[in-house]
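Laboratory data are not the source of any read-out in this text; all were calculated from the coordinates shown. Computed from a predicted structure; not experimentally measured. Because the Cβ atoms are built from the backbone with ideal geometry, glycine has one as well, and the counts that use them run over all protein chains shown.
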Amino acid sequence: MIITNIEIIPGRRVIRHLGMVTGSTVRAKHAGKDIMAGFKNIFGGELTAYTELMQEAREEAMQRMVAQAKAIGANAVINVRFATSSITAGAAELFVYGTAVVLEEPAA
Amino acid sequence: MTQFDLIVFLALLSAGYVFGRYNEHRHFRSIQEREQAMRELLVFSERFPPPQEKPVDCVLVVGSCVVAFDYFKNFVAGLRNLFGGRLTSYETLLERARREALLRMKQEAADLGATMIVNVKIETSSISGESANQGGSVEVMAYGTALVPRQP
């Protein structure tokens, strides 16, 4: 499965276009980490707990998108975009979408 | 406001100032070092990859960073809001987050052995605290397609 955010793949031709696939997840961090983040708001600096949270969310969302693409028989997802939004304090939504396509097999 | 409140406020303000500046200084220095180290890897926001002579693999690479406002920056920005103008204290914060996110993306691409990254998009979102004066943090995500030369 090729996942990319460009519209064409060098050296490969799109033979079928299967439409849009999406994946999303809403995640929250537990209260302990939220309290730590509160402290960080005094001293500044990177919130590693939240960076990790977003990373996990991103992987999860991408997995869901890939599962959807596989289910409809695609072998690549192109033109992938990410969108994030915060819903309430400590929770974040991550949405990923792209176009599922079938690519020609590479010339050997 | 009691005297105790004032002391707490001043303590938070100075802690924010001292640690915030120290953190920022250290962060910028590490960003600069790593940017120097990764100068070879080219990053473009172009939508289409340039014509390739050799076959390449396309891999999605992502980097993200969440940075918190410190108490001092928050306070200064609050004052600035009264008079208007550039919020320099937030500008440096966003710059830090953005450069860090780009660096992490580059690191991921470099680990794969990529020669360039095309179609880079940067997404910014703010993660706010419970109340307006509590401050918050900003998340920056950078993503693009790494072109990895295919091994024969």
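Observations on the structure shown:
- Additional length obtainable on full extension of the chain from residue A:93 to residue A:60, 0.36 nm per residue less Cα span: 10.8 nm
- Going from the fewest other Cβ atoms within 10 Å to the most, the residues A:86, B:14 appear in the order B:14, A:86.
- Here each label is just a point 7 Å from Cα along the line to Cβ, and for residue B:43 and residue A:15 those points are 3.7 nm apart.
- Degrees separating the helix B:88-112 axis from the principal Cα axis of chain B, which is the longest one: 30
- Take the Cα of residue B:21, step 7 Å toward its Cβ, do the same at residue A:35, and the gap between the two points is 3.1 nm.
- Set of segment A:91-106 residues, backbone N closer than 11 Å to the point 7 Å along the Cα-Cβ line of residue A:22: A:95-98
- Computed over every Cα-Cα pair of chain B and binned at 10 Å starting from 0, the pair-distance distribution P(r) comes out as 10, 31, 27, 17, 9, 4, 1, 0 percent.
- Residue A:83 versus residue B:52: modelled label distance in nm, points set 7 Å from Cα along the beta carbon direction: 3.0
- Once divided by 2.2 N^0.38 Å, the Cα radius of gyration of the protein assembly as shown becomes 1.16.
- Folded to 0 to 90 degrees: helix B:71-83 orientation relative to chain B principal axis, Cα: 80
- Ranking of B:46, A:56 by count of other Cβ atoms within 10 Å, fewest first: B:46, A:56
- Other protein chain C-beta atoms within 10 Å of residue C-beta, averaged over A:46-58: 5.
- When only Cα pairs below 8 angstrom with a gap of at least 6 residues are kept, segment B:3-149 shows a relative contact order of 34 percent.
- A:42, A:35 arranged by Cβ crowding within 10 Å, fewest neighbours leading: A:35, A:42
- Against the main long axis of the alpha-carbon atoms of chain A, helix A:31-43 sits at an angle near 70°.
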